[in-house]
Every structure is written in structure tokens, then in C-alpha cells.
Amino acid sequence: MSSWNDNLSQKVERISLAQPASGGFWENVAIIRPVAWVIAALGFIGMEAMLFFLAFPSDAHSRNHMQLGVKIFLSVIGPLFAAVLCLFPGYVYADAKRRGMRAGMWTLLAIFVPYLIGVILYFLLREPLPTACPKCGFLARRRFAFCPQCSTPLNRVCATCSRSLEPGWSACAYCGTPVAGPVAAVSR
Ligand SMILES: [Zn+2]
Ligand SMILES: [Zn+2]
């Protein structure tokens, strides 16, 4: 039993080493779907047009006398800000999809809850990234005890109720059975 457990915790450690937590910034940007980029581009152009018509003086003379910083802000930074705002729901959708969460619901929250509160809630509540099964490569959620495709053990389970044990537990949280030996930490 204990050698089986040791073997398994080594396996769990190997999985966590093979899977970096959630990738770098550009890897995360790369998951955003093309349609979200198109919407962001439209947001950029829309904001550009709005600022041009509303904020720039209509006659050429006073336009020439505007400060360069104000011009740059109105023609580049403002529209860029609008584009980034449009990209947030696109990222939430793609990220929720790959984490096996309810992507549609989270995208709507990201769009309609004001002051980016939907986006912030998403980042606080999102599930950890799934890990690849070492045997068949199936992307299984971190909490899964066994691979749903090939039944390879992915986490240590309770000897009594067979549910997944989480790192740091000394007893099963579901049935109270004491855990023999430390539960391997799965890096996030
Ligand atoms: Zn598998
Ligand atoms: Zn249990």
C-alpha cells in the first residue's frame, strides 16, 4: 500500500513538473479567438472615431494648436484602452473553455458587470488548468482522482471513500479517515 502510494505521489509530482502553471503573458494572449480580436479592432476604430468627432476641434487652425500629448492620448491611448477592454471577455471565454468552466456565463458576466467586476471575479474563482494524463494525454481537471478516459490514477485518493485528497490534508475532508503520509503538493 505504501509503495503504491509513494509510486503515485512520484507520478503526481512528475505531472505537476511537466505542466507549468498557466504559461507566460503571450501564451495567454494567444488563446484569445480571432473573433475577439475583430471585436477589439472594431472597439479601437469606434473609440478613435468617437474621440475624433467629439474631442478634436472641427477647424484646422485650433486642431494644429492642440498639444502633442493630448493628440497622442486621443488618437492612440484612448482607443487602445477600448480595444483592451474588448479583449477581456474574449480572454475569459477562451480561458474558461480550456478550464472546463461555464464559458458562456462567465463571458456575459465579464461583459455586463460594470467596472470589470465580472472579470475580477472570474480571475478569483477560476478553476486550475487541467493537467494531461501521463498515459493517454487526456486533459483532466486537477481535482479528478482518475483519468476519465483510461482510468490512470491522477491524484491520491482516500482509502475509505475514494475521493481525491488535496495537498496538506492529514485527514479526508469528506469522511474523516486519517491520511497516511503527506499528500504530494500539486503546483498550480
Ligand atoms: Zn488517461
Ligand atoms: Zn474519505
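The values are calculated or read from the model by the stated rules, or taken from the named source; none is laboratory data. Everything quoted here is computed from the prediction, not taken from an experiment. In this analysis, Cβ positions are derived from the backbone assuming ideal geometry, glycine residues included, and neighbour counts consider all displayed protein chains.
Of the residues making up region 164-179, those that are over 28 Å from the mean Cα position of the chain (by Cα) and exposed (fewer than 13 other Cβ atoms within 10 Å of the Cβ) are Ser170, Ala171, Cys175, Gly176, Pro178. Residues that are within 15 Å of ligand 2 (Cβ to nearest atom) and within 27 Å of Lys97 (Cα to Cα) within region 164-185 comprise Ser164, Leu165, Glu166, listed in sequence order. Checking Cys150, Cys136, Cys86, Cys161 one by one, the residue that is of a type outside the set (Val, Ile, Thr), without any contact (Cβ under 8 Å) to a residue 24 or more places away in the chain and either surrounded by 15 or more Cβ atoms within 10 Å (Cβ to Cβ) or within 16 Å of ligand 2 (Cβ to nearest atom) (or both) is Cys161 and no other.
For region 128-181, filtering for residues that are more than 8 Å from ligand 1 (Cβ to nearest atom), among the polar types (S, T, N, Q) and farther than 29 Å from Val92 by Cβ leaves 4. Here the helices (runs of 4 or more DSSP H) wholly within region 46-140 that include at least 1 residues being touching a helix residue (DSSP H, G or I) at 6+ places or on another chain (Cβ under 8 Å) are 78-98, 103-112, 117-125. Against the numbered list (1) touching a residue at least 24 places away in the same chain (Cβ under 8 Å); (2) away from ligand 1 (no atom under 16 Å from the Cβ); (3) assigned by TED's automatic domain parsing to the domain that holds Ala30, Gly100 comes up short only at (2).
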